[in-house]
Structure formats: structure tokens, C-alpha cells
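**Student:** Sharing a structure below in C-alpha cells format, with a few things to ask.
None of the figures in this text is laboratory data; all of them are computed from the coordinates on show. Worth saying up front: this structure is predicted, and the values here are computed from it rather than measured. Quick reminder, even Gly has a Cβ in these numbers, built from the backbone with ideal geometry, and neighbours come from all protein chains shown.
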Amino acid sequence: MKKITKISTQKQAGRYSVDLDNKFAFGVAESVLIKYGLAKGRELDETLIDQIKRDDQVAKAFNTAINYLGHALRTIKQVKQKLVEKDIAEDIQEQAIAQLKSLGYLDDANYARHYVATKKLINPKGPQVIRMDLKQAGVLDTDINAALETFTYDEQLDIAKKMATKFANTYKRESTRVKQQKIIQALANKGFSFEIGQTIITELDLSNDQEVELENVKRQAEKLWHRHRNMALSQRQYKTKTQLYGKGFSSEMIDRVMLMIADEPE
């Protein structure tokens with residue numbers, strides 16, 4: 001048996017040094033000090049000392065996690081990763097995480113709900129990307145599904161419409177058909193379904209007007225016409241027209257522009 005001869009505070013708040021038989025033995029968190037009722041004059045055997053040290057490791061892991069959680073909501077997987085970075089043993093991690101869960105500090109279902117709510121307002125994302133993000137964060141499918149149920153179809157449509165309007169401006173130099181295809185793809189990359197994309201194209205007028213479409217096809221045609229300048233005239237015309245079709249322009253627009261180009265000096 002060893003006797004506690006001194007307990008003193010450490011520089012780090014909430015930490016104490018314990019001396020046994022007039023020699024420093026170990027440091028403990030305040031929570032561990034209280035749990036075991038450590039006080040000067042108390043005698044400890046080796047088994048109890050080992051248990052106290054182990055509980056202090058758990059307390060350290062718990063505090064590391066609490067500090068990490070202080071900046072934002074985290075998942076169980078994310079907290080585990082942080083504890084691994086701190087070289088905390090797996091069995092100690094499990095005990096600390098169990099405490100965090102029992103006290104309500106860790107709740108993956110709650111994390112998923114908050115994540116979905118945030119992605120409706122800040123840096124919006126569609127359900128498919130949100131699902132991938134949450135899976136990567138370690139959230140179970142059941143919790144993901146429950147959280148995504150709060151993201152209604154009407155909300156998705158409203159957010160995607162705002163995005164589509166911005167994308168339409170980004171792709172304004174494309175043909176109407178290609179612009180619409182790129183808008184649908186851009187929405188898909190943000191996590192919205194093909195159905196949502198098609199609905200938006202149908203509901204919103206995102207087509208170019210005649211003047212803009214003519215400007216776009218003329219710009220593209222002039223580049224292609226110059227690129228194929230070393231070809232024979234018939235082949236040059238064929239190549240240019242074929243590639244313009246591929247870019248989504250109508251045959252009527254292409255024919256108009258080809259006549260304009262043919263009349264222009266090289």
C-alpha cells in the first residue's frame with residue numbers, strides 16, 4: 001500500500017499532481033480526483049492506482065473530444081479520428097465515446113439533421129451529395145434517410161431553381177440545347193436528381209433569345225472556320241457545320257451563319 005502525501009494543482013487547469021510516499025506518482029483530472037475521493041493520507045494499492053491512471057486516460061480523451069466538439073457538431077467517426085491523431089488507445093477511445101454519447105455530446109442522427117438543415121441555407125447541396133457527405137462522415141444509412149426526409153421536394157426544387165438561374169448565366173455563350181444539358185449536369189453534380197433538373201428546364205425559360213443564339217453560333221462558327229482554313233472549301237464547310245450541329249445549334253441558325261461567313265473576307 002502507498003499513502004498519498006501531497007496533492008497539488010498543475011499549470012493546466014483542472015489537473016492535479018498526486019505524490020505517493022513523498023514522490024510524484026501520477027497526474028489526474030479533477031473529475032478522477034473527485035470520483036475516487038483522493039485526499040492526503042489515503043492509502044492506495046497497485047490495482048487501484050492502475051485503475052485511477054486508466055480512468056485519467058479516459059478523462060484526457062474525453063476532454064480532447066470535448067475541445068474538438070466545441071468548434072462544431074461532429075460524428076462518432078470524426079471524433080474517433082481526432083483521438084487516433086492524439087495516439088489514444090482504442091479501448092480508451094471507446095470508453096470516452098461511450099461517455100460522450102451518454103451525455104448527449106455525440107449523436108449522429110442529430111448531426112445528420114443539422115447537416116441537412118445547413119445545406120438548405122449555406123452552400124446548398126442536393127440530397128445525393130448530402131448522402132455521400134454523411135456516409136463519409138460515418139453516419140448510418142437509417143440516420144441519413146431520416147434526416148433527408150426533412151428535405152422536401154418543394155425545397156429541393158426551389159433551391160435548384162436558384163442554382164439553375166446562376167448556371168444559365170455561366171453557360172450563356174453555349175447553344176440553348178447545350179446550355180440546358182450543362183445546367184442539368186451541374187445540378188446533378190450538386191446532388192439533385194435528373195428529375196429535378198428536367199422539371200426546372202421545363203418550368204423555367206432558360207433558352208437563349210434569337211439574337212443571343214445567333215451571336216453564339218457565329219462566334220463558334222468563326223473559330224471553326226478559321227481552324228479548318230487549310231481544308232478544301234467543301235470539306236471545310238462540312239467540318240464546320242457538323243461541329244456546330246454537335247454543339248447544339250439548329251440547322252437554320254447554322255445555315256444563316258454559314259452564309260454570313262462565306263461573304264466575309266478571310
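**Student:** Which whole-Hz couplings ³J(HN,Hα) result when phi for each residue of region 132-149 is put into the Karplus expression 6.51 cos²θ - 1.76 cosθ + 1.60, θ = phi - 60°, listed in order with x for Gly and Pro?
**Tutor:** In residue order, the calculated couplings are 5, 4, 5, 5, 5, 7, x, 7, 5, 4, 4, 6, 5, 4, 5, 5, 6, 5 Hz.
**Student:** What order do you get for 30-36, 55-61 when each peptide is scored by the mean count of other beta carbon atoms within 10 Å, highest first?
**Tutor:** In decreasing order of mean packing, 30-36, 55-61 become 55-61, 30-36.
**Student:** Still on this model: Lys/Arg Cβ at +1, Asp/Glu Cβ at -1, dipole of the chain taken about the Cα centre: which of 232, 34, 69 is farthest positive-ward?
**Tutor:** 232
**Student:** With r as the distance between the Cβ atoms of residue 71 and residue 9 and R0 = 22 Å, compute the FRET efficiency 1/(1 + (r/R0)^6) and round to 0.05.
**Tutor:** The calculated FRET efficiency here is 0.20.
**Student:** When the chain is fully extended, how far beyond the present Cα-Cα distance does residue 35 get from residue 239, taking 0.36 nm per residue of separation?
**Tutor:** 65.1 nm
**Student:** How far is it, in nm, from the label point at residue 89 to the one at residue 1 when both lie 7 Å from their Cα along the line to the Cβ?
**Tutor:** Calculated label separation equals 2.7 nm.
**Student:** Could the peptides 12-22, 78-88 be put in order, highest first, of the mean number of other beta-carbon atoms found within 10 Å of their residues?
**Tutor:** Peptide ranking by packing, descending: 78-88, 12-22.
**Student:** Once you have the Kirkwood Rh of region 2-102 from its Cα pairs, apply Stokes-Einstein at 25 °C and 0.890 mPa s and quote D in µm²/s.
**Tutor:** 170 µm²/s
**Student:** Taking the Cβ-Cβ separation of residue 46 and residue 117 as r and a Förster radius of 51 Å, what is the calculated FRET efficiency to the nearest 0.05?
**Tutor:** It comes out at approximately 0.50.
**Student:** Could you please report the charge total around residue 172, scoring K, R as +1 and D, E as -1 over all other residues with beta-carbon less than 15 angstrom from its beta-carbon?
**Tutor:** +2
**Student:** Using a Förster distance of 51 angstrom, determine the FRET efficiency expected from the C-beta separation of residue 53 and residue 148, and round it to 0.05.
**Tutor:** In this case the efficiency is close to 0.70.
**Student:** For the chain, what does -39500 (n - 2.57) per DSSP helix run (n ≥ 4), summed and divided by total residues, give at 222 nm, in deg cm²/dmol to the nearest 500?
**Tutor:** Using -39500 (n - 2.57) per qualifying helix, the result is -20500 deg cm²/dmol.
**Student:** Name the residues whose placed amide hydrogens come within less than 5 Å of the amide hydrogen of residue 20, ignoring near sequence neighbours (fewer than 5 apart) on the same chain.
**Tutor:** Those qualifying (amide H under 5 Å, at least 5 residues apart or on another chain) are 5, 25.
**Student:** With +1 on each Lys and Arg Cβ and -1 on each Asp and Glu Cβ, and nothing else charged, work out how big the dipole of the chain is about its Cα centre, in Debye to the nearest 20.
**Tutor:** That gives a dipole near 760 debye.
**Student:** Something else: Can you pick out the pairs among 3/53; 190/218; 120/161; 119/162; 77/162; 166/247 whose Cα atoms lie more than 23 Å from each other?
**Tutor:** Pairs exceeding the cut-off: 190/218; 77/162.
**Student:** Specify the angular offset, from 0 to 90 degrees and rounded to the nearest 10, of the alpha carbon long axis of helix 251-263 from the longest principal axis of the alpha carbons in the chain.
**Tutor:** 60 degrees
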